[in-house]
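The values are calculated or read from the model by the stated rules, or taken from the named source; none is laboratory data. The structure presented is a predicted model; accordingly, all values stated were derived computationally and were not measured. Methodologically, a virtual Cβ is constructed for each residue, glycine included, from the backbone with ideal geometry; neighbour enumeration extends over all protein chains shown. Areas reflect the complete protein model, heavy atoms only, side chains present, ligands, DNA and RNA absent. Shrake-Rupley method; radii C 1.70, N 1.55, O 1.52, S 1.80 Å.
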Amino acid sequence: MRAMFLTGGSKGAVFPQAPLARAALDAGHRVIMAGPEMVVPTIAMAALPPVSVSPRDRQALSTDQPDDPAEQMRYVGRWYAELALQTREPLLRLAEQWRPDVVVGGGIFYSAALLARELGLPTVQQPWGLLDSRVYDEAALEVLRPALAELGADAVPEPDIRLDVAPPSLRRPDAPAGRPIRWIPGNQYRPLEPWMYTKGAAQRVLLTSGSRVSSAGTLHTIEVAGLRLLAERLGALGVEVVVAVPDEVAAELRGPDGSGPHAGWIPLDVVTPTCDLVVHHGGTGTNMTAMAAGVPQVIVREIPSVGEMEPQVRMGSVIDLPKGRQSADDIVDACRTVLADPGYAESAGKLAAEIAAMPPPAEVVGDLERLAAD
């Protein structure tokens, strides 16, 4: 079997797809992962064969996005639809040369649907996390309609298999049926130090704002000054604080003598299981990594939620702070609440147990094989 995986957008899009792609490789199948130039190095770091199908070397989402959640989803849907049109011809050339039997794409990688429709190939939709990707489809269709009309379609084609990483307690009754698959965290690794996988007697809090944080701050992140203030305030609670940030800004979180919290590029799947709480910006990878590790969360998102965290809030494993309640005082108060109430950790542990019981990617490879053989 030849399986073509399509990814893009950011590093965070590659790692959720990598375990299934590697499982297919381990089963003896031929695999490539294609995406824009911005993620090609990350694909290689994930031990997968990368192919660039777009010159885009950064995500380039506007920092001036609408505050309304629905409008923000429309913006993102259009962005990914435009990327699909840009990669259409390169993907067709790649498919003519490599001839895949099955195409696997993320929920909003519309390039997978276009390519599969054009070549008559079966498709598998592999989500990044809990968000129902259909919220993007209406706006994407506005961009894709002419291309789809050429292919005799009036809507984005449905996948042959829709995978589902949601643990049973978080599955929505209105969600489309999907084949369960265990979500497995992945990261860009570095040599580990003992503090990354061990902890002392104090409670430990992981603070992160994703991979794109900079001194000036970028879309979907807490700026460095905000992280530094939070690290100081949380440390005053008597907890150990670990800050996961790019190495180039880590020094700004420490004192002139190097004192301060452990900070830098830290593999989240290594450090998260040692933590009692994760405080973050609402990134899908961070949320799913904390969930799989059974660690409660406090979420401080820049863009309002469209509801993907609501089941976790109802489950009692997460505090999702809304706009207007995201000051340092608000965040510290939420952390104090979670750390003092064992119910949050108990709920998070239940979700982790459900995830661990879901079918691993190796079992799902058989579904790809059957699709390719039909």
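Some notes on this structure:
- Here 348, 356 are screened, and the one residue that is of a type in the set (A, V, I, L, M, F, W, C), touching a residue at least 24 places away in the same chain (Cβ under 8 Å) and buried (at least 17 other Cβ atoms within 10 Å of the Cβ) is 348.
- Close pairs from segment 1-18: first free of Cβ contacts under 8 Å to residues at least 24 places away in the same chain and polar (S, T, N, Q), partner in a helix (DSSP H, G or I) and open to solvent by 10 Å² or more (accessible area, probe 1.4 Å), Cβ under 7 Å, at least 6 apart: none
- Extreme residue, most open to solvent (accessible area, probe 1.4 Å), among residues of segment 81-136 that are outside any helix (DSSP H, G or I) and of a type in the set (Phe, Trp, Tyr): 128
- Test: residue in segment 303-319 that is of a type in the set (Asp, Glu) and under 25 Å from residue 232 (Cβ atoms): no
- Test for residue 352: is it closer than 30 Å to residue 27 by Cβ and either over 21 Å from the mean Cα position of the chain (by Cα) or not in a helix (DSSP H, G or I) (or both): no
- Among residues of segment 274-289 being open to solvent by 20 Å² or more (accessible area, probe 1.4 Å) and either of a type in the set (Ser, Thr, Tyr) or not in a helix (DSSP H, G or I) (or both), the one that is nearest to residue 200 (Cα to Cα) is 276.
- Residue within segment 246-253 that is over 27 Å from residue 308 (Cα atoms) and at pLDDT 90 or above present: no
- Residue under evaluation residue 311, criteria (1) more than 19 Å from the chain's Cα centre (by Cα); (2) of a type outside the set (Gly, Ala, Ser); (3) part of a helix (DSSP H, G or I), criterion not met: (1)
- Condition broken by residue 234, with the remaining ones in (1) surrounded by fewer than 24 Cβ atoms within 10 Å (Cβ to Cβ); (2) modelled with pLDDT of 85 or more; (3) outside any loop (DSSP other than H, G, I, E, B) satisfied: (1)
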